[in-house]
Each structure stands twice: as C-alpha cells, then as structure tokens.
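Remarks on the structure that follows.
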Amino acid sequence: MVGRQGVSNEININQIDINQIQKVEIVEGPMSVVYGADALAGVINIITKNRSSEKLSLQAKVQEETVGSEYSPFARRGTHIRSVSGNYGVNNWNIGAGFSQNNFGGWQGEETGRQKEWLPKDQNFVNLKAGYLKEDLSIDYQVDYLNETVFSDGTDARLEVIDQEYATNRWMHRINGQWDSSDKFALNWQGGFTNYTRNTKTRVTNVRTGENYLSKAPDSQSSIDYNGFSWRILGQMKINSKFKLQPGIDLNLESGSGERITQNEGIQDYAAFLSAKWSPTESIQIKPELRKSYNSAYEAPVVIPSINTKFRLNEYLSLRLAYAKGFRAPSIRELYFNFFDASHSITGNPDLKAETSHSINTSLDWNKELSEEWKIGAVLGGFYNSVDNRIAYGQDPTDIQITTLFNVENYKTAGATFSYNHRYKNFSGNLGFSYIGRYNQLTEQAVLVPDMSWTPEVNTNLSYTHAPWKTAFTLYYKMTGSLPGYETIIDSEGNAAATEILLDGYQLNQ
Amino acid sequence: MKHLRILSFTALAVGLGFFTSCDDGEDVPTVIPPSESGLIEIQGGGAEYPNTSFIELKSGNQLAIARESWDLAFSSGSEFKVLINGTTGAMASATGKTDLNEVGAKKIAEVEDSGELILTFTNLQSILHVDNESNPLSAPVIAAINATEDQNEVYILSRGSCAATERSLKKIRIIRNGKGYTLQHADADSTAFSSLDIPKSAEDKLVYVSFEKGIVDVEPSKTAWDISWTAGTSTAAFPQAVNGTLAYFYQDLVYHNIYGGSSAAVMMEEDIAYESFEEQDAASLEFNKTDRMTIGSSWRNGSGPPGSPAATIKNNIYYIVKDAEANLYKVQFLSLTKDGVRGTPTFQYELVAQGN
C-alpha cells in the first residue's frame, strides 16, 4: 500500500479494510532517502494479504463488537463486520476476490443529544487481485474499491436540525513485481494509482413540520477529487559478497480539486536514489544513501544523504547508528486551501518550501536464547530530530488581514526508549518505556520555560498462544503521562509569564 | 388565545402614529392591541448576512436594510455627536488637522502601514478606532462636535469591509451648523471636497447619511422598533490588545432599542422555563436600558477557525424585552439558519403583559 498520512490525507488509516491486512511492519529510523518526503521517523508497512497456495479457498467472517457499552446486534449500535473472500490458484496464476462490509454505530462519548464523539459510518470494500509467479518473475495486480459514508448528526435545535453525510469513493490500483535476472541482478517495482472523491451532503430537518430537505447554504453540498499516481522501480545489484548497490527511481504525481482549493496544476515529484550496502566483515553493515529529487510545486532539497550502520558487538549485542537528512513536503492543503468567513481569512501558500530535518537515531539490541523455548531481549534506543523551515501559520505581510502559511520555526524532538521482551514456550511478554521531549516554541519569545517538555510513556503486554487453535490471547496496558503544555499569561505589570498546564494523560486497558 | 403567524415586513404600520398616545401623555385607548405571540424569520439576507433588520414586537413589523447603505449617523438629541457604521466594521482615526486639504497621501500611507483601520484580530489597537459597542453615543470615536469650528478635526474613515464591499478611505470633518451639522467629505486622496448640511430630526434619534446618497432612511422612527439583528463591531477580551480589549466583528448581534426606550433582561431556562414565564416573574428582573449588547450574541455558541464546529443556537437562554409602552415580551431564538443558510435566524415571542 502506497500513501502518506498525517500532513495530507491520501491514505487514511481508518479507510483500510482490516480483513485485507496480513501484517503490519514498522521500519524505524529515518527513511527519507528511499521513501522521500515525510518518512522522517520511519515507515509503517501495511502488508496486505496476497497470494495463497491453495487451489481454491473460500472464507466468510462475521464480527460483532461493542463500542463502550453501546451495542445492539446487526443494527446501528456497535461494530458489525462481515466479509466473504475467495481465492483460486492454477498453474502460475492466482486470482482472488473479496467483499466486506463494516457498519460502525458510532460512540457518544462526552457528547450529548444527537451528537457523537466518534461518528457512525458504513463501509463497503471490494478487492480483486490477480498474480503471476514463475521462478524468476512475479507480477501482482490488485484493485481495491471503498465506498464509505460517515454520518455527522447536528445538535438538537428547536427549529432546524442540520445533519451532514460524507460519502467517499476510492479506487486504488496497485501493481508490483520482481524480476530476478541472475543472482547478481534483480529488479522490483511498485506502481499505484488512487482516485478519491468525497461528497459532502448537508440536510436540514425542520423540527416543527418534520420536513427534510437539502441545505441551501453555500458549500453545504460539495465535493473534492484527488488523483495520485506513484511508480517506484528498484534495482538490486550484487557487486561481490561484501558490496551491494541499490539504484532506484521514484515518481509521485498528485492533483486535487474541490471547494476552497485554489486551482492548481498538482504536484509532480521525480526522484532518483542510490543506496549501497557494504559489509566489510560479518559483524559490520554500512548503508550510505543519496537521493536527488525535483518537485514541481515546492522547493525540495536537491540532494539528501543518509547513512545507516549496524555493528554486531558480540553474540548477543548489536549497535545501530543512523543519520539522515529528511524533509516533509507541504501538503496540497497547505499549498492551496483557502478559508474565509466573517472573522477569519486563511489562504494556502503556493510558495512554501519543504521542511527539512536532521535526524540521528541509535539503538542497542541485546538478545539471548536461554534455551530453545526461552528467549529474552532488550532494546535501548535514542533519537534526536531537528526540523528547519517548519511550516506554521502567520500573518501575510502584504495583507495583514490574511493568515497564511510560512516556513518559519525550528522544532526539535528527542527521546529515549527502552523495551524488554521475554518469550517462554507459549507465553510472551513485553515491557516498554519511552521518554520523549518536544521543543517548546515559547522559548523563542524569551519566556522562561524549559527548552524541551518531556512526556513519559509505559506500555506492556502479555500474550499466550494456543497452537492447536492458532489463537493468541493478549493483555495490553498502556499509560501515557500527562503532556506538559504552557500557556502565556500576562501579569499585573504587563509582563508575559508562562505557566505549566498539564494535558491529561490516559490509560488503555484491554 | 395564542396564534402563530409568520410575519414579514409591512411598511404600512410603521409611523402610523399609534405611539402618539404616549408622547402626548393622554389616556387614549389603544388603536391596535399588541400582538400576542409570533414566529419571526429575520430577513438577514442569507449567507453573506448583508442586512440589519429592525423588529417591532407589538406589530410584528420588520424592516430590513442593507448594512452598507449608510456611512454616518448624526444624533438628533441635544448633544452634537456622530456615529460611524459599526455594522460594516467602519473605523476612524483623528488626524490632528482641521483642514481637509492638509490630509492626503502621507496620512493615508501612515494609516495603511500601521493597519490601524483594519478590523482584524491582529490589529491590537482596533478598540481605539471604533464606537462603543454597548452605547455608541456614550463614547463615539469621533469627538463630540465642538461649537468652536476650528476645534473639529479631520478624521480618516474606513467605511468598513467586514462582509461588505471594500471601498477606499474617506476623509471627513464635521462642524456645527446652527442646530444641525455640516459634513465635509472627500476621498482621502482627493484635493476637493463636498459639503452636506444635516438638520436634526424630530422623529428620529439618528439621521443617517451616505456619502453617495446624502441623507438616507435607515432605522424606523425612534420608538418603532424594539430589537434589531445585525452583524457588527463588538469586542473580545484579549490581554495583548490595547486596554485588554479587541474590537472584533461578529455575525448575529441583537441590539435592543436603548435610544427609543426599550429595555431587556436575560433569562435562563433552568431558572424559569420560557413556557412558564409569567408577569410576576418580571418583578424581580433588572431591565437594562443603557447597554444594547444585553442580548448581543449570547443566544448562540460561536464558531472558530477551520475545523472547529459550526455555530449553534443555545437552547437554554431567552430574553424579556420591554418596549417603550411597557409591553412585556419574552423572546427566544430558535434557529441560526433558514434551510441551512446562516444569516436568516428565527425567533419566537409572546406577550407576557400588556403595558400602558
């Protein structure tokens, strides 16, 4: 699956069919050379189910969940998931199809009346795939279709109740393959095309007459459209047993249109990268990487370097050290989105540059097998990121009535993490601790607050695998410490001072 | 017996003179009894809320006029005071000069550079350039017109561009003219100016003037309205701003007619439900006669920057309005929208007690 999340909404993690997920991999460390923009902290690989070896398989599944204490079977309240899928393999070919449905009844939380904190939604997923596999060549094609409707009910009112519905249609085509020309050279590629449309529908109900009709307010019936194309091709060259080269090309084309988005020509990003892997001895791995890129919409760093190293210190202990220059691209929203009302005037800034960063990551891994059935391990890690040209809101100097986006501030994060795990027969346990600091921007205004504010987090889990059933029982606990925030107050003499406020921490038990 | 009506503006009843009984102080029987209850859709003009609407509860009459249709309002009272148009976000700056021809490019550049005449949350001195939001005649930005002619300064005036057409800066100077006023005005960069004589009026508290059209009709005569709905300049507490207050443009302000003898009080549903409010409940209420912002925007929850929830109506508040004849009404806003469109709110009202 190819896409970004966070700064732009191309892949929304809530819009992935969980029935299609085989596993989730988290690749830690700066990966900006290979993955380009945004891959600052790492990459989450959501690996969707692919081929199966069976000749013919059919699956059907029904899942019913409560949400908080809200549930009623097969109806609005709670979560109701049902799916059917089938797979057929013959000779070198494999084809599959799946359909699943997710009806989520929403969750009221702290809201009252008609409103819900988590909005109810209906999702329908269709998945079709075809694959071809021979010894030296494999090609897979998949298409996913999503139809989703999210319901946002308005507040109770004495006369007009205004409800909104957001309907999404998304097509995602993917093709990937690998060709092994010899044991010295291999080529693999991944291509994707995504089309996404979202329609907003606003309905008015007159409480007194019971009439229900479409709202006549401007922008209340609207749509946005997004198209994204990506293509990556990577060569794997084995020069000798100690040295490998990986050249690659990365293309990303995206365009969006809709209400409040300035007419734009989309964003085209072209990049070439080269990475090498050098292992002078068995216990040393060094991976230097370079990426050269061009972007049509914003100024991206022309060349970005990174280096990842791994040293095996002894049988149980290994050390990783990595540096990367990274960057985050401005999103279509930040470049082109405009918002105006009675008291707000906000425009995108098409002249934004990418945020750039320096990241250093290090970790020390310790693993020991006490016996075949008893394994223990621990990881101690640390990271430091410094971001320049951070994209932030400010006042437009040519028209002070308008708020827009600029490359302004410097932002830093740093942290230490520790995790310990233990596996004995069918039991496994994990204890993790992290302490993460975020740079406080108020320090730039010379106000007396600490440079960084720190948040602790603890998570642990214990799980038991029952092999005959292929079932795992897992108990989680997670505690996030309160996040210190600061607010500026003005004292009686007009001096600014900062006071610490604690944003509530939370715990999660399951 | 209550009856429900949708009432719209009928100009006929305005100024028919059934208030003369009050003015004369004679005990003449009321010609038309005050209306008992109703539901009024305010003709705000829709999503861009272009209008100010004046409503008289007694007759159910509504008069909607474009907020942009006037620039200055001259007091007909004993004092010589002039208001700028807060309903478009107008702002003014004194220039220190008393000759219009001495004010030109230099002053314009000064005002434009400082941004002092732009009503935005980034203009921290905005409060110094607007009329008082609660009782504008008590503290207008234009100093009371002095009997000594050369004591009256030239002002640079922004005609207001908040949900209104952006228009170029004006320079104005107002002097007394016997029992009335003379307005000298021109575009701020102009070398010639026009003069307009404005007499005070016996029927109207304020005489309205447009630079283009001269004297214009805006509000109904002095006591012929009780509440008005408009967008306009209000204020928000903001520690960094001058006087800790920021002038801020709000949609959905409701004024009661403090210059025409209306008064208002706020009621919470939790104390006495709207349905059960009766005449004797009014005895302990303090009716505000001097702050037209008593109702203000307190009947809705505000909306914020993008992503924050849309403005919503408050279901727990209503108002008691006493008109100039001491008729007592309860007034409750029901909706911010009509067919989902902002700028067309609806309220219900009911006569609690008949006045004089």
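A short reminder: the numbers here are calculations on the coordinates, not readings from a lab. What you see is a predicted model; the values in this text were computed from it and never measured. Because the Cβ atoms are built from the backbone with ideal geometry, glycine has one as well, and the counts that use them run over all protein chains shown.
Based on alpha-carbon centroids, what's the gap between region B:257-305 and region B:146-211 in Å, whole number please?
34
For every helix of n ≥ 4 consecutive DSSP H residues, a contribution of -39,500 (n - 2.57) applies; sum these over chain B, divide by its total residues, and give [θ] at 222 nm rounded to the nearest 500 deg cm²/dmol. Numbers along the way, then the final one.
Values: 2 runs with 15 residues, N = 356.
Helix contribution divided over all residues of chain B: -1000 deg cm²/dmol.
Just B:Asp217, B:Asp131, B:Asp252 to compare: in a GNM of chain B, with alpha carbon springs under 10 Å, which one fluctuates most?
Residue with maximal mean-square fluctuation among B:Asp217, B:Asp131, B:Asp252: B:Asp217.
Under 10 Å, Cα contacts only: if you run a Gaussian network model on chain B, which one of B:Thr182, B:Thr88, B:Thr344 comes out with the highest mean-square fluctuation?
It is B:Thr182.
Taking the Cα of A:Glu315, stepping 7 Å toward and past its beta carbon, and measuring to each backbone N in region A:345-387: which are under 18 Å?
Inside the label zone: A:365-378.
Extending each Cα 7 Å along its Cβ direction at A:Met237 and A:Thr209, get the distance between those two points in nm, one decimal.
So the label points at A:Met237 and A:Thr209 sit 7.5 nm apart.
Give me a single rounded figure for A:201-209: the average over its residues of other chain Cβ atoms within 10 Å of their Cβ.
Values: counts 0, 1, 1, 6, 1, 3, 2, 3, 0.
For this peptide, the per-residue mean of nearby foreign Cβ atoms is 2.
How long is the gain from A:Thr149 to A:Asp388 if the chain were fully straight, where each residue apart is worth 0.36 nm and the alpha carbon distance is subtracted? Each step should come with its number before you reach the end.
Values: separation 239, 0.36 × 239 = 86.04 nm, distance 3.88 nm.
Full-extension gain reported as 82.2 nm.
Tell me the relative contact order for region B:58-127 as a rounded percent, counting alpha carbon contacts under 8 Å between residues six or more apart. Before the final figure, lay out the partial values.
Details: 44 pairs, mean separation 12.8, N = 70.
Value for region B:58-127: 18 percent.
Hey, can you rank A:296-308, A:183-195 by average C-beta count inside 10 Å, highest first?
Numbers: A:296-308: 17.5, A:183-195: 15.8.
Going from most to least packed, we get A:296-308, A:183-195.
If we sort A:148-160, B:321-333 on the protection proxy, mean other Cβ atoms within 10 Å, highest first, what's the order? Don't skip to the answer; put the middle values down first.
Values: A:148-160: 18.6, B:321-333: 22.2.
My ranking of the peptides, most packed first, is B:321-333, A:148-160.
In nm, give the distance between the simple-model label positions of B:Glu112 and B:Ile215, each being 7 Å from the Cα along the Cα-to-Cβ direction.
With each label placed 7 Å out from Cα toward Cβ, I get 3.6 nm.
So for region B:52-98, averaging the separation of alpha carbon pairs under 8 Å that are six or more residues apart and normalising by length, what relative contact order in percent results?
Numbers: 41 pairs, mean separation 11.4, N = 47.
Relative contact order for region B:52-98 comes out at 24 percent.
What does the structure give for A:160-173 when I average, per residue, the other chain Cβ atoms found within 10 Å of the residue Cβ? Each step should come with its number before you reach the end.
Details: counts 12, 3, 7, 1, 2, 0, 0, 0, 0, 0, 0, 0, 0, 0.
So the per-residue partner count for this stretch is 2.
Return the distance in nm (one decimal) between the two label points of a simple spin-label model at A:Leu56 and A:Ala167, each offset 7 Å from Cα along Cα→Cβ.
3.7
Taking the Cα centre of region A:168-276 as the origin, how large is its charge dipole in debye, to the nearest 20, when only Lys and Arg (+1) and Asp and Glu (-1) carry charge on their Cβ atoms? Working shown, then result.
Details: 13 positive and 10 negative charges, 71 e Å.
Dipole magnitude for region A:168-276 comes out near 340 debye.
Just rank B:Trp229, A:Trp107, fewest to most, by other beta-carbon atoms within 10 angstrom. Could the numbers behind the result be given before it?
Details: B:Trp229 28, A:Trp107 19.
Going from sparsest to densest Cβ surroundings: A:Trp107, B:Trp229.
If packing is taken as the mean number of other Cβ atoms within 10 Å per residue, what is the order of A:245-252, A:321-328, highest first? Before the final figure, lay out each step's value.
Details: A:245-252: 17.4, A:321-328: 21.5.
Highest to lowest by the protection proxy: A:321-328, A:245-252.
Applying 1/(1 + (r/R0)^6) with R0 = 60 Å to the Cβ-Cβ distance of A:Ser371 and A:Trp179, what FRET efficiency is obtained, to the nearest 0.05? Intermediate values should be presented prior to the final figure.
Values: r = 43 Å, r/R0 = 0.71.
The pair A:Ser371/A:Trp179 has a calculated efficiency of 0.90.
If the elastic network links every pair of Cα atoms under 10 Å, which of B:Val154, B:Val141, B:Val341 fluctuates the most in the Gaussian network model of chain B?
It is B:Val341.
Where does each of B:Asp271, A:Asp144 land when they are ranked from fewest to most other beta-carbon atoms within 10 angstrom?
Numbers: B:Asp271 9, A:Asp144 22.
Fewest-to-most Cβ neighbours within 10 Å comes out as B:Asp271, A:Asp144.
In chain B, if the dipole is taken from +1 on Lys/Arg beta carbons and -1 on Asp/Glu beta carbons about the Cα centre, which of B:Ala94, B:Asn243, B:Tyr259 is farthest to the positive end?
B:Ala94
Using a 10 Å cut-off around each Cβ of peptide B:328-340, what is the average number of partner chain Cβ atoms that fall inside? Working shown, then result.
Values: counts 0, 0, 0, 0, 1, 2, 6, 9, 4, 10, 6, 11, 18.
Shielding by partners across B:328-340 averages 5.
Which FRET efficiency value, to the nearest 0.05, do you get for A:Ala416 and B:Met268 by plugging their Cβ-Cβ distance into 1/(1 + (r/R0)^6) with R0 = 45 Å? List each step's numbers first, then the result.
Numbers: r = 52 Å, r/R0 = 1.17.
E between A:Ala416 and B:Met268, to the nearest 0.05, is 0.30.
Taking R0 as 41 Å, what's the FRET efficiency between A:Lys292 and B:Gln240 from their Cβ-Cβ distance, rounded to 0.05? Can you show the working numbers first?
Values: r = 46 Å, r/R0 = 1.12.
After rounding to 0.05, the efficiency reads 0.35.
Which of B:Ile142, B:Ile55, A:Ile286 has the fewest other C-beta atoms within 10 Å, and how do the rest follow up to the most?
Listing B:Ile142, B:Ile55, A:Ile286 from fewest to most nearby Cβ atoms yields A:Ile286, B:Ile142, B:Ile55.
Please state the charge dipole magnitude for region A:241-425, taken about the Cα centre, from unit charges on C-beta atoms (+1 on K and R, -1 on D and E), reported in debye and rounded to the nearest 20. Can you show the working numbers first?
Working: 20 positive and 21 negative charges, 223 e Å.
It works out to roughly 1060 debye.
Helix B:105-114 against the longest principal axis of chain B: what's the angle in degrees, Cα atoms only, rounded to the nearest 10?
50
How large is the dipole of region A:99-234 about the Cα centre if only Lys and Arg carry +1 and Asp and Glu carry -1, each at its Cβ, rounded to the nearest 20 debye?
Details: 15 positive and 19 negative charges, 53 e Å.
Rounded to the nearest 20 debye, it is 260 debye.
Relative contact order for chain B using alpha-carbon pairs under 8 Å, separation at least 6, rounded to a whole percent?
Working: 849 pairs, mean separation 66.2, N = 356.
After rounding, I find 19 percent.
Given axes a ≥ b ≥ c from the Cα gyration tensor, I'd like to know whether region A:99-234 is rounded (a/c under 1.5), prolate (a/b larger than b/c) or oblate.
Because a/c hits 1.5 or more and a/b exceeds b/c, region A:99-234 counts as prolate.
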